[in-house]
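Asks: Below you'll find the structure I mean.
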Amino acid sequence: MKKRQRKKLYLKEFMELGFNIIVEFKSDITREMFNEFIDAFVSEVIDPNGLTFDGGGKENKFDIFVLLEKRGSLDKTHQEKVETWLSSRKDIESFEVGELEDAWT
């Protein structure tokens, strides 16, 4: 396969890595508290690190996939920043930060 095709298909040297996050909130979380969590997550973690995410939440669960806003791959430092921020939150019952994986499969 030619380099141009690999680039279009995000293969081999053009593979982009991201990771999944699953957050479970304490049972007493309200819609307002959930929205405050999302606002803080975006302004304190996502935007300053040039990240974006896809997914969402319902009731007391938040399930997203995080990747770079521009072309490229995340690395362990991105995972650590997210994990550190999540562990500081008092409104979270538990969370899981997944391993780096291909963002386009």
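The values are calculated or read from the model by the stated rules, or taken from the named source; none is laboratory data. Here the structure is a predicted model, which is why all the values come from computation and not from measurement. Counting neighbours? That spans all protein chains shown, and the Cβs are built from the backbone with ideal geometry, glycine included. Ligands, DNA and RNA are excluded from the accessible area calculation, which covers all protein heavy atoms including side chains. Shrake-Rupley method; radii C 1.70, N 1.55, O 1.52, S 1.80 Å.
Asks: Keeping to the stretch 62-105, report how many residues are surrounded by 13 or more Cβ atoms within 10 Å (Cβ to Cβ) and either part of a helix (DSSP H, G or I) or without any contact (Cβ under 8 Å) to a residue 40 or more places away in the chain (or both).
Replies: Counting residues in the stretch 62-105 that are surrounded by 13 or more Cβ atoms within 10 Å (Cβ to Cβ) and either part of a helix (DSSP H, G or I) or without any contact (Cβ under 8 Å) to a residue 40 or more places away in the chain (or both) gives 7.
Asks: Within the stretch 24-39, which residues are part of a helix (DSSP H, G or I) and farther than 12 Å from F62 by Cα?
Replies: To start, the set of residues in the stretch 24-39 that are part of a helix (DSSP H, G or I) comprises 31-39.
Passing the criteria: R31, E32, M33, E36, D39.
The rows are residues; the columns are (1) within 23 Å of E36 (Cβ to Cβ); (2) of a type in the set (G, A, S).
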{"residue": "G55", "(1), (2)": "yes, yes"}
{"residue": "K61", "(1), (2)": "yes, no"}
{"residue": "E69", "(1), (2)": "yes, no"}
{"residue": "V82", "(1), (2)": "yes, no"}
{"residue": "I92", "(1), (2)": "yes, no"}
{"residue": "E96", "(1), (2)": "yes, no"}
{"residue": "D102", "(1), (2)": "no, no"}
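Asks: Among the numbered conditions (1) on the phi > 0 side of the Ramachandran plot; (2) of a type in the set (S, T, Y); (3) in a helix (DSSP H, G or I), tell me where Y10 comes up short.
Replies: Only one criterion in (1) on the phi > 0 side of the Ramachandran plot; (2) of a type in the set (S, T, Y); (3) in a helix (DSSP H, G or I) is unmet by Y10, namely (3).
Asks: Could I ask something else about it? One residue is enough: does the stretch 6-26 have a residue meeting the conditions at pLDDT below 95 and of a type in the set (S, T, N, Q)?
Replies: No, that holds for no residue.
Asks: Which of the residues that make up the stretch 29-86 are farther than 19 Å from G18 by Cβ and out of contact with any Phe, Trp or Tyr (no Cβ under 9 Å at 6 or more places or on another chain)?
Replies: T30, R31, E32, N35, E36, D39, S43, K58
Asks: Could you tell me whether the stretch 20-42 includes any residue that is closer than 30 Å to M1 by Cα, open to solvent by less than 80 Å² (accessible area, probe 1.4 Å) and touching a residue at least 60 places away in the same chain (Cβ under 8 Å)?
Replies: Going residue by residue through the stretch 20-42, those that are closer than 30 Å to M1 by Cα are 20.
From the residues that got through so far, the ones that are open to solvent by less than 80 Å² (accessible area, probe 1.4 Å) too are 20.
Right, trim to touching a residue at least 60 places away in the same chain (Cβ under 8 Å) and you get 20.
Checked against the condition, which is being closer than 30 Å to M1 by Cα, open to solvent by less than 80 Å² (accessible area, probe 1.4 Å) and touching a residue at least 60 places away in the same chain (Cβ under 8 Å), the stretch 20-42 yields at least one hit.
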